[in-house]
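Heads up, the thing below is written out as structure tokens.
The values are calculated or read from the model by the stated rules, or taken from the named source; none is laboratory data. Quick caveat, the model's predicted, so the values are computed rather than measured. FYI the Cβ positions are ideal-geometry reconstructions off the backbone, even for glycines, and counts take in every protein chain you see. The protein model used for the area step is the full one, side chains on, heavy atoms only, and it has no ligands, DNA or RNA in it. Shrake-Rupley method; radii C 1.70, N 1.55, O 1.52, S 1.80 Å.
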Amino acid sequence: MDSVSVTSLRARLVSQGKAGIVRVNQRSLVDKLLGRYKGEHTAFRELVQNSDDAGASQVRITFQTSAHSGKDGPPEGRYEYTIRLANNGRVFRPEDWERLQSIADGNPDENTTGMFGVGFYSVFSLSESPIVRSGKQALMFMWDETQLVTRSIDDHDGDGKWSEIILHGVGSDVVEELHGAGGSRLARYLAEMLPFARTLTDIQIINIHPDHQGPASPPPTFHISKAVQ
């Protein structure tokens with residue numbers, strides 16, 4: 001073993017070394033996070049908790065079925081499924097948008113459970129390209145091979161008062177699971193969460209279906225109120 005000085009070697013590497021980066025397969029990382037947060041209704045739990053952290057009093061969860069707009073429809077039929085979760089809490093601040101795009105930062109506010117921490121990424125168990133709308137801005141996550149990228153725009157169509165997570169392209173198997181008894185389980189699960197919320201008092205589950213003839217149908221409407229717990 002040579003007798004090169006570690007101090008000298010470190011100094012040369014810092015001053016003369018060729019810069020490089022450590023590459024992370026973000027899709028694999030998100031898959032591992034999904035394994036950690038695997039469980040029934042996990043994404044709903046995280047999003048409802050985020051709503052409570054934002055000081056929301058109301059949450060609306062909408063299961064929307066629509067006719068597929070393209071020629072290459074899903075193999076199971078001509079319908080596509082979208083889940084939209086909206087809350088009337090505080091709209092996103094610049095630091096919230098920044099935190100949302102950083103997987104492991106979480107929320108430094110000790111008075112909240114972890115707004116937009118790693119648990120938020122459970123939404124990828126339902127959609128490959130989730131969209132977030134808040135205030136007058138909108139941001140979409142999308143995959144570029146193994147890297148997760150975002151696209152953001154000024155969203156002048158938003159009402160500026162509600163924040164919304166849009167999960168498009170949800171699989172029909174997920175909708176089937178939420179149909180009928182599954183929908184009732186989701187409502188019961190949220191009803192059990194509600195008493196522990198700080199500000200949240202009202203959750204609605206809404207079903208929008210064009211003709212109710214698809215292979216899978218979203219659950220019927222449920223209205224959960226903290227006042228009757």
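Evaluating S28 against the criteria (1) open to solvent by 50 Å² or more (accessible area, probe 1.4 Å); (2) over 30 Å from R185 (Cβ atoms) leaves one unmet condition, (1).
Considering the conditions (1) of a type outside the set (G, A, S); (2) within 19 Å of L190 (Cβ to Cβ); (3) under 17 Å from the mean Cα position of the chain (by Cα); (4) at pLDDT 80 or above, Y81 is excluded by exactly one of them, (2). Selection of region 9-25 for residues being among the β-branched types (V, I, T) and part of a loop (DSSP other than H, G, I, E, B) yields I21, V22, V24. Within region 31-61, the set of residues being farther than 28 Å from T146 by Cα, in contact with a strand residue (DSSP E or B) (Cβ under 7 Å, 6 or more places away or on another chain) and open to solvent by less than 40 Å² (accessible area, probe 1.4 Å) comprises V48, S51, A54, A56, V59, I61. Residue pairs whose Cβ atoms lie under 6 Å apart, separated by 6 or more positions or on different chains, with the first residue in region 134-151 and in contact (Cβ under 8 Å) with a residue 24 or more places away in the chain and the second of a type in the set (K, R), are T146/R27. Taking the criterion of being exposed (fewer than 14 other Cβ atoms within 10 Å of the Cβ) and either in a strand (DSSP E or B) or among the hydrophobic types (A, V, I, L, M, F, W, C) (or both), the residues of region 131-145 that qualify are M142, D144.
Go through the residues of region 100-117 one by one and say whether even a single one is in contact with a Phe, Trp or Tyr (Cβ under 6 Å, 6 or more places away or on another chain), of a type outside the set (A, V, I, L, M) and either at pLDDT below 90 or open to solvent by less than 60 Å² (accessible area, probe 1.4 Å) (or both). Checking region 100-117: not a single residue is in contact with a Phe, Trp or Tyr (Cβ under 6 Å, 6 or more places away or on another chain), of a type outside the set (A, V, I, L, M) and either at pLDDT below 90 or open to solvent by less than 60 Å² (accessible area, probe 1.4 Å) (or both).
Yes or no, residue by residue, for (1) part of a loop (DSSP other than H, G, I, E, B); (2) modelled with pLDDT under 90; (3) out of contact with any Ser or Thr (no Cβ under 8 Å at 6 or more places or on another chain):
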{"site": "S184", "(1), (2), (3)": "no, yes, yes"}
{"site": "L190", "(1), (2), (3)": "no, no, yes"}
{"site": "N207", "(1), (2), (3)": "no, yes, no"}
{"site": "P220", "(1), (2), (3)": "yes, yes, yes"}
